[in-house]
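Working notes, structure below.
All of the numbers you see were taken from the coordinates with simple rules; none came from a lab. Every value quoted in this text rests on a predicted model; they were computed, and no experiment measured them. Quick reminder, even Gly has a Cβ in these numbers, built from the backbone with ideal geometry, and neighbours come from all protein chains shown.
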Amino acid sequence: MKPFILLVASTALITTFAVNAGVLEGGKWSPSGCGAMPEAPVIDSSSADAFNRSIGTLNAWQEKIQAYHDCMVKEANADSSAINQAATAEQARINNAVEKMNKEAAAGKQRAEQSSSSSSSSSTPIAPPLTPAPGQMY
């Protein structure tokens with residue numbers, strides 16, 4: 001199996017989700033490639049023959065509903081995996097941005113302190129870096 005490369009751009013994610021799995025609309029998820037869920041048959045118990053025919057129909061329905069179930073689970077798992085990968089990539093992007101800004105702030109603080117110690121004209125406090133990164137514990 002070839003590795004799956006996840007693009008972080010929002011239009012790429014929408015395309016990826018639409019192609020690979022189900023649909024989320026109005027807070028309700030449904031599979032997109034499994035067809036309609038098979039309708040349950042009616043059990044006719046008006047006679048022994050009618051009942052036996054109904055059981056035959058029921059057995060066929062059970063095979064169809066199992067295939068639908070398997071397809072739905074496969075799509076749900078694909079969605080879950082894609083969402084997890086996208087969220088993890090976005091967290092990394094956010095953490096990298098915070099880390100970059102902390103480094104810039106630290107370098108700026110150091111330059112300001114060096115400038116301040118040589119001129120001693122400014123006593124404005126320097127803001128601390130953003131710590132911890134979003135989503136991390138204190």
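Can you tell me the dipole magnitude for the range 10-105 around its Cα centre, using point charges on the Cβ only (Lys, Arg +1; Asp, Glu -1), in Debye to the nearest 20?
The calculated dipole for the range 10-105 is roughly 300 debye.
Which of rounded, prolate or oblate describes the range 10-105 when judged by the alpha-carbon gyration tensor and an a/c cut-off of 1.5?
Cα axes put the range 10-105 in the prolate bin.
Enumerate the calculated ³J(HN,Hα) couplings along the range 97-105 in order (Karplus 6.51 cos²θ - 1.76 cosθ + 1.60, θ = phi - 60°), each rounded to whole Hz, writing x wherever the residue is Gly or Pro.
For the range 97-105, the Karplus curve yields 5, 5, 4, 4, 5, 4, 5, 5, 5 Hz.
Counting alpha carbon pairs within less than 8 Å and at least 6 residues apart, what relative contact order, in whole percent, applies to the range 10-105?
Across the range 10-105, relative contact order equals 30 percent.
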